[in-house]
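First comes the structure, then the notes that go with it.
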Amino acid sequence: MKKVLALVLALTLMVSALAGCSSNDGNKKKEKITFVLDWTPNTNHTGLYVAKEKGYFDKAGLDVEIVQPPEDGAEALVGSGKAQFCVSFQDSMLPMITGKNKLPLKAVAAIVQHNTSGIISRKGEGIDRPKGLEGKKYATWDLPIEKATIKQVMKDDGGDFSKVNLIPSTVTDEVSALKSKSVDAIWIFYGWAGVNAELSKLKTDYFAFKDINEVFDYYTPVVLGNTDWMKDNPDTAKAFLSALKDGYEYSIQNTGDAVNILCKAAPELDKKLVKASQEYMNKEYKAEVKKWGYIDPKRWNAFYNWINENKLSSDTIPENTGFTNDYLE
């Protein structure tokens, strides 16, 4: 009888201890992550909002705050250590990862696998190919890499960039700008602006940069992380990206619910546009790869090698600069 009582007492104490551990784990303070968008919410960001709404971040022990970018950009906030992750682009992040004043930043996941950007124009005006930009009004941000890209695809097509009429871009609505004829051609990301043009019934021509020259199949957009923070918190970084991956995987399989979640987070969005854009983006998040987020070193390096060849950076960019797959599952 004493042995039985002793065993019962031991088991009781064990159960109490386990219950205490469980209670403590449940009350464990979540680790804070600040994620900075590149712009207002759109379907580039759907997986992020899904991961938050579906509780994937919570299950990973994370408290994720999604914030709008400051005036000096999302990258500056992450580079300063005031945030851990943000949305960026392989072309525009370059000045921040090279030179004497470079920031501790690296791309850690590709939001979409291929560059979906290109030039949109009114249909039938000859800008269905790069050479057609000759003599036309192109809305430019006046950025060196941007103009070099246009120049390269025009050269590849037998065109002359010097004949393009560069108009400082004030475009906030591509459809309105094309309809008003204030400009003839605009650089867009098809998954949002191109889909919006389709819905507006505006007849357009379009060519993608990657279809003209494969060197422009670079990664845009990407998730950028603070390298110092990730080095000190590798498990947290991996947990964040794993939960984020689940958010994008869910979006791919559950378009309707993903649309509702994004529109709930940003009710100002046109739900019809979000739905059409989401259907387009679901094919782009992973494309042909098996693992969301994977960055192909060959394609990443090809673009920066082109930058080197055209002397668009003050410093030569070494291979594998600015990205890592180490934090992906």
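Only the coordinates and a few stated rules stand behind these numbers; no lab work does. Here the structure is a predicted model, which is why all the values come from computation and not from measurement. Cβ coordinates were reconstructed from backbone atoms using ideal geometry, including for glycine residues, and neighbour counts include every protein chain displayed.
Among the listed pairs Lys272/Lys298; Lys131/Lys181; Lys32/Lys231; Lys29/Lys52; Lys106/Lys163; Lys100/Lys311, those with a Cα-Cα distance over 28 Å are Lys272/Lys298; Lys106/Lys163. Residues whose amide H comes within less than 5 Å of that of Asn226, counting only those at least five positions distant or on another chain, are absent (H built at 1.01 Å from N in the peptide plane). Backbone phi angles across the stretch 42-47, fed through the Karplus curve with coefficients 6.51, -1.76 and 1.60 (θ = phi - 60°), yield HN-Hα couplings of 8, 6, 5, 9, 3, x Hz in residue order; Gly and Pro are listed as x. Expressed as a fraction of 2.2 N^0.38 Å, the value expected for a compact globular protein of N residues, the C-alpha radius of gyration of the stretch 117-216 is 0.97. Where in the stretch 173-213 does the label zone of Glu146 land, with the point 7 angstrom along Cα→C-beta and an amide N cut-off under 17 Å? Residues 173-175, 177-178, 182-190, 193-194, 209 qualify, since their backbone N sits under 17 Å from the label point.
If you plug the beta carbon distance of Lys29 and Thr324 into 1/(1 + (r/R0)^6) with R0 = 25 Å, you get a FRET efficiency near 0.35.
What is the calculated FRET efficiency for Glu309 to Lys100, with r their C-beta to C-beta distance and R₀ = 30 Å, to the nearest 0.05? For R0 = 30 Å, the calculated efficiency reads 0.85. Residue-wise HN-Hα couplings along the stretch 137-152, as the Karplus relation 6.51 cos²θ - 1.76 cosθ + 1.60 with θ = phi - 60° gives them from phi, are 8, 10, 7, 10, 8, 6, 9, x, 5, 4, 5, 5, 5, 4, 4, 5 Hz; Gly and Pro carry x.
With 10 angstrom as the radius, rank Trp306, Trp39 by how many other C-beta atoms surround their C-beta, starting from the fewest. Please list the in-between numbers first.
Details: Trp306 18, Trp39 13.
Lowest to highest Cβ neighbour count: Trp39, Trp306.
Shown for Lys100, Lys245: other C-beta atoms within 10 Å of each C-beta, ranked fewest to most, produce the order Lys100, Lys245. Per-residue ellipticity at 222 nm, computed for the chain from helices alone with -39500 (n - 2.57) per DSSP H run of at least four residues, works out to -12000 deg cm²/dmol. Each residue of the stretch 175-184 is assigned a 3J(HN,Hα), and the resulting list reads 4, 4, 5, 6, 5, 6, 6, 5, 9, 9 Hz, derived from the Karplus form 6.51 cos²θ - 1.76 cosθ + 1.60 (θ = phi - 60°), x at Gly and Pro.
Oblate is the label for the stretch 156-282. Its Cα gyration tensor axes, ordered a ≥ b ≥ c, give a/c of at least 1.5 and b/c at or above a/b. Listed from fewest to most Cβ neighbours within 10 Å, the set Cys263, Cys86 follows the order Cys263, Cys86.
Tell me which trypsin sites (Lys or Arg not before Pro) from the stretch 150-190 have a DSSP coil assignment and no more than 16 other beta carbons within 10 Å of their own.
For trypsin sites (Lys or Arg not before Pro) across the stretch 150-190 that sit outside H, G, I, E and B with at most 16 neighbouring Cβ atoms in 10 Å, the list reads Lys181.
For Ile167, the residues whose amide H sits under 5 Å from its own are Tyr138, Ala139, Thr140, ignoring neighbours fewer than 5 places away on the same chain, with H placed 1.01 Å from N. Each label was represented as a point 7 Å from its Cα along the Cα-to-Cβ direction; for Lys231 and Lys59 these points are 3.3 nm apart.
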